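Below is one structure; the comments refer to it alone.
The values are calculated or read from the model by the stated rules, or taken from the named source; none is laboratory data. Keep in mind it's a predicted model, so treat the numbers as computed, not measured. Positions of Cβ are generated from backbone atoms using ideal geometry, with glycine treated the same way; all protein chains shown enter the neighbour counts. For the accessible areas, the whole protein counts, side chains as well, though only heavy atoms, and no ligand, DNA or RNA atoms are used. Shrake-Rupley method; radii C 1.70, N 1.55, O 1.52, S 1.80 Å.
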Amino acid sequence: MVKARWQRALEGGDLSEREVLYPRVLEMIRLKPLFGWGPIENYVAVVEGTNFPGYSLRSTENTFAWAITSLGLIGSVPLFFIVYLAVRSAWRLRRGPLGWTPMAVLLTTVTFSCTIEWQHVKVYWLVLALTISVAPEYVRSQSAIRHRPVLRSSIPEGLDGC
């Protein structure tokens, strides 16, 4: 099934109607860039500008496109800032005991959110929250280990003059 889907996309240009959907999303952003269309009107406006027979509502198929079209650029700032914090935290965690795992999980989650709206999925927010919350503790603990002061009483006798 996946192979057939990829063949249709590569050979026939079948993008599951995204070839019509994404230009409409860009048009919606152009028409109302600052404050967007609103969370419900957003789904109606996607259908109104395209020819999707049988649809009365249609998703943008992308969390970030949903944020910009429904909330506008101003309302999207918190989402983009949270994703930025998560990426920064995952980058810091790469030197931790889990290595690149937090970054891999975060990138997988963000990639999925670019192909379907994940703003309503708890796993999306859980990955963002855990990535952001764990990094400061790890960085703080590593900093304490690196910068632990040496007390005079802990130096063996005879070595204190070195």
Out of the range 21-43, which residues are of a type in the set (Val, Ile, Thr) and surrounded by fewer than 14 Cβ atoms within 10 Å (Cβ to Cβ)?
Ile40
How many of the residues making up the range 123-137 are open to solvent by 50 Å² or more (accessible area, probe 1.4 Å) and hydroxyl-bearing (Ser, Thr, Tyr)?
1
Of residues in the range 48-65 being open to solvent by 20 Å² or more (accessible area, probe 1.4 Å) and at pLDDT 85 or above, the one farthest from Tyr84 (Cα to Cα)
Asn62
Of the residues that make up the range 84-97, is at least one open to solvent by less than 30 Å² (accessible area, probe 1.4 Å) and at pLDDT below 90?
yes
If you check Ile74 against the conditions, is it within 27 Å of Val134 (Cα to Cα), open to solvent by 70 Å² or more (accessible area, probe 1.4 Å) and either touching a residue at least 12 places away in the same chain (Cβ under 8 Å) or of a type in the set (S, T, N, Q) (or both)?
no
Subset of the range 98-118 [touching a residue at least 24 places away in the same chain (Cβ under 8 Å) and surrounded by 15 or more Cβ atoms within 10 Å (Cβ to Cβ)]:
Pro102, Val105, Leu106, Val110, Ser113, Glu117, Trp118
